[in-house]
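Written out below as structure tokens is the structure these notes cover.
The values are calculated or read from the model by the stated rules, or taken from the named source; none is laboratory data. Fair warning: this is a prediction, and the values are worked out from it, not measured in the lab. Counting neighbours? That spans all protein chains shown, and the Cβs are built from the backbone with ideal geometry, glycine included.
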Amino acid sequence: MFGMEFYVDPSRCIGCQSCLKACEECDTHRGVSMINFDFVDRKDTIATAAYVCWHCDNPTCAQVCPADAIKKYDDGIVGSSLKPRCIACSNCVLACPFGIPKLVPQYEQMMKCDMCYDRTSVGKRPMCATVCPSQALAYVTPETIAAMRREKPVNTFWFGNQKITTKVYMMAPADADEIAIDVADYIWEGENGLVPQAF
Amino acid sequence: MGWFRKPSSTPLWRDEFSVFTADERYVNRRQFTKFLTLTSFGMLVGNLWILAKSVVHRKVSYPRVPIAAMDAIPVGGVKMFSYPTANDPCILVRLAVDRFVAFSQKCTHLSCAVYFEREQNRLECPCHQGFFSIEDGSVLQGPPQRPLPRVVLEKQDALLVAVRMEGESE
């Protein structure tokens, strides 16, 4: 819609957390930020990563929802959970390969990024993309991103054998066509890396 | 629209509760035909029911009830009575020496009691300013849509006798 796409580049994130605050401003979910914000490896680096829902073409969160509360709309946006339907079972929280959905206990509801549906559906940019000073979160046309960045927008991800294509693009090295993530690689193996330890 | 998929290759529950709003709205030929068949069958059953009801329908019989002595009411006078049962208030008006009319007193709008407005020569319902003709009970003005049911009167010696109701909506 309106020719704009969302591009996420965690390498540009400076950790200012403006996106969190901008997201909280929204009247549809005031006070609750739907940005996923990570400190990548707090012990060794100050690197941070802010990202939004990837809006999968075939959303796993919606596939596992027993209450039919998550919907993918005609323009490709995967909505937040529908309040009358969501039963706060956390299936989507566990199933999403990106770890996007968050259960908000005080509302007994899952809430996640819907790419500011009230804004983007009328041609405005999402709140986070309007405030991001380094444009780690950018909502622009594909032509703009091609002209401004060296990285290549990629929207194909592999999680083990699960292939996921998304509406939101990740900025990847120019030679990458897809991003493969070995989930087992990221399992914490203890302080010295030898003793497997349960959380 | 790469994410759009035709919902025919998947189980029914996935079609009915699809993740995609576009699929939820999608009605295939079989569903449409089923809808048409069931609704026309419903129409048929409904019509048969109405037909059967009109066949077995019996005419309501009304009692003959003497309501007033004729000379007890002056011209322009009014008498309240109940007809056909004690719970159906009616109003009797003497319009001329030899003209009596009687109507149900329940306004056809919201069942307030109508009264005879002598100056304007009409029946008025005070709740919402509904006016009825004193001649035949038809609506002159206001919210009521249907005329007042009329009580058919007969003269029997010096007595007025209510014979039946006319224009009752049941």
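Residues being assigned to a helix (DSSP H, G or I), within 14 Å of chain A (Cβ to nearest Cβ) and of a type in the set (S, T, Y): count how many of those fall in the stretch B:22-48. Write out each step before concluding.
We begin by selecting, within the stretch B:22-48, every residue assigned to a helix (DSSP H, G or I); these are B:22-25, B:29-48.
Filter once more, keeping what is within 14 Å of chain A (Cβ to nearest Cβ): B:22-25.
Then drop every residue that is not of a type in the set (S, T, Y), which leaves none.
Result for the stretch B:22-48: 0.
Return yes or no: is A:H55 closer than 14 Å to A:C116 by Cβ and at pLDDT below 95?
Values: closer than 14 Å to A:C116 by Cβ: yes; at pLDDT below 95: no.
Judged against the criteria, A:H55 is not a match.
Would you be able to tell me the number of residues in the stretch B:22-63 that are in contact with a strand residue (DSSP E or B) (Cβ under 6 Å, 6 or more places away or on another chain) and modelled with pLDDT of 90 or more? Before you say what the answer is, go through the steps one by one.
Step one: of the stretch B:22-63, the residues in contact with a strand residue (DSSP E or B) (Cβ under 6 Å, 6 or more places away or on another chain) are B:62.
Add one more test, that the residue is modelled with pLDDT of 90 or more, and what stays is none.
Of the residues in that region, 0 qualify.
Residues in the stretch B:108-124: is at least one small (G, A, S), in the same structural domain as B:A158 (by TED's automatic domain parsing) and closer than 17 Å to B:V152 by Cα?
Filtering the stretch B:108-124 for residues small (G, A, S) gives B:111, B:113.
Checking which are in the same structural domain as B:A158 (by TED's automatic domain parsing) leaves us with B:111, B:113.
Those left that are additionally closer than 17 Å to B:V152 by Cα: none.
No, the conditions are met nowhere in the stretch B:108-124.
Please work out if B:V55 is over 30 Å from A:P59 (Cα atoms) and either without any contact (Cβ under 8 Å) to a residue 24 or more places away in the chain or surrounded by 12 or more Cβ atoms within 10 Å (Cβ to Cβ) (or both). Can you show your working first?
On the way: over 30 Å from A:P59 (Cα atoms): yes; either without any contact (Cβ under 8 Å) to a residue 24 or more places away in the chain or surrounded by 12 or more Cβ atoms within 10 Å (Cβ to Cβ) (or both): yes.
For B:V55, the condition - over 30 Å from A:P59 (Cα atoms) and either without any contact (Cβ under 8 Å) to a residue 24 or more places away in the chain or surrounded by 12 or more Cβ atoms within 10 Å (Cβ to Cβ) (or both) - is met.
In the stretch A:123-151, how many residues are in contact with a Phe, Trp or Tyr (Cβ under 6 Å, 6 or more places away or on another chain), in a helix (DSSP H, G or I) and within 12 Å of A:M171 (Cβ to Cβ)?
Of all residues in the stretch A:123-151, those in contact with a Phe, Trp or Tyr (Cβ under 6 Å, 6 or more places away or on another chain) come to A:123, A:125-126, A:129, A:138-139, A:145.
Remaining after also requiring in a helix (DSSP H, G or I): A:129, A:145.
Adding the requirement that they be within 12 Å of A:M171 (Cβ to Cβ) leaves A:145.
Within the stretch A:123-151, residues that are in contact with a Phe, Trp or Tyr (Cβ under 6 Å, 6 or more places away or on another chain), in a helix (DSSP H, G or I) and within 12 Å of A:M171 (Cβ to Cβ) number 1.
Considering only residues of the stretch A:72-105 that are basic (K, R) and more than 12 Å from the chain's Cα centre (by Cα), which is nearest to the other protein chains (Cβ to nearest Cβ)?
Initial filter on the stretch A:72-105 (basic (K, R)): A:72, A:83, A:85, A:102.
Those still in the list that are more than 12 Å from the chain's Cα centre (by Cα) too: A:72, A:83, A:85.
Values: A:K72: 5, A:K83: 16, A:R85: 10 Å.
Going through the qualifying residues, I end up with A:K72.
Restricting to the stretch B:109-156, name every residue that is touching a residue at least 40 places away in the same chain (Cβ under 8 Å) and basic (K, R).
Answer for the stretch B:109-156, where residues must be touching a residue at least 40 places away in the same chain (Cβ under 8 Å) and basic (K, R): B:R118, B:R150, B:K155.
Yes or no: A:A176 free of Cβ contacts under 8 Å to residues at least 24 places away in the same chain, of a type in the set (A, V, I, L, M, F, W, C) and over 16 Å from A:G3 (Cα atoms)?
Judged against the criteria, A:A176 is not a match.
Can B:V75 be described as assigned to a loop (DSSP other than H, G, I, E, B), modelled with pLDDT under 85 and loosely packed, with under 12 Cβ neighbours inside 10 Å?
Details: assigned to a loop (DSSP other than H, G, I, E, B): yes; modelled with pLDDT under 85: no; loosely packed, with under 12 Cβ neighbours inside 10 Å: yes.
No.
Do we have any residue at all in the stretch A:90-97 that's in contact (Cβ under 8 Å) with a residue 24 or more places away in the chain, assigned to a strand (DSSP E or B) and surrounded by fewer than 20 Cβ atoms within 10 Å (Cβ to Cβ)?
Within the stretch A:90-97, not a single residue is in contact (Cβ under 8 Å) with a residue 24 or more places away in the chain, assigned to a strand (DSSP E or B) and surrounded by fewer than 20 Cβ atoms within 10 Å (Cβ to Cβ).
For the stretch B:49-71, name all the residues that are touching a Phe, Trp or Tyr at 6+ places or on another chain (Cβ under 8 Å) and in a helix (DSSP H, G or I).
B:M70
Report whether or not A:P173 is surrounded by fewer than 10 Cβ atoms within 10 Å (Cβ to Cβ), modelled with pLDDT under 95 and either in contact with a Gly (Cβ under 8 Å, 6 or more places away or on another chain) or within 30 Å of A:R125 (Cβ to Cβ) (or both).
Details: surrounded by fewer than 10 Cβ atoms within 10 Å (Cβ to Cβ): no; modelled with pLDDT under 95: yes; either in contact with a Gly (Cβ under 8 Å, 6 or more places away or on another chain) or within 30 Å of A:R125 (Cβ to Cβ) (or both): yes.
Criteria not met by A:P173.
Can we say A:I46 is over 25 Å from A:P153 (Cβ atoms) and either within 14 Å of chain B (Cβ to nearest Cβ) or part of a loop (DSSP other than H, G, I, E, B) (or both)?
Working: over 25 Å from A:P153 (Cβ atoms): yes; either within 14 Å of chain B (Cβ to nearest Cβ) or part of a loop (DSSP other than H, G, I, E, B) (or both): yes.
It is true that A:I46 is over 25 Å from A:P153 (Cβ atoms) and either within 14 Å of chain B (Cβ to nearest Cβ) or part of a loop (DSSP other than H, G, I, E, B) (or both).
A:A62: within 14 Å of chain B (Cβ to nearest Cβ), in contact with a Lys or Arg (Cβ under 7 Å, 6 or more places away or on another chain) and either among the basic types (K, R) or outside any helix (DSSP H, G or I) (or both), yes or no? Don't jump to the end; show me each part of the working.
On the way: within 14 Å of chain B (Cβ to nearest Cβ): yes; in contact with a Lys or Arg (Cβ under 7 Å, 6 or more places away or on another chain): yes; either among the basic types (K, R) or outside any helix (DSSP H, G or I) (or both): no.
Spelling it out, it is not the case that A:A62 is within 14 Å of chain B (Cβ to nearest Cβ), in contact with a Lys or Arg (Cβ under 7 Å, 6 or more places away or on another chain) and either among the basic types (K, R) or outside any helix (DSSP H, G or I) (or both).
For the stretch B:91-108, name all the residues that are under 21 Å from the mean Cα position of the chain (by Cα) and farther than 17 Å from B:Q156 by Cβ.
Applying the first criterion (under 21 Å from the mean Cα position of the chain (by Cα)) to the stretch B:91-108 yields B:91, B:102-108.
Those that are under 21 Å from the mean Cα position of the chain (by Cα) and farther than 17 Å from B:Q156 by Cβ: B:I91, B:F103, B:S104, B:Q105, B:K106, B:C107, B:T108.
Can you pull out the residues in the stretch A:49-59 that are part of a strand (DSSP E or B) and touching a helix residue (DSSP H, G or I) at 6+ places or on another chain (Cβ under 7 Å)?
Correct list: A:A49, A:A50, A:Y51.
Could you grab the pairs with beta carbons closer than 7 Å, sequence gap of 6+ or different chains, first residue in the stretch A:21-43 and at positive phi, second one among the aromatic types (F, W, Y)?
none
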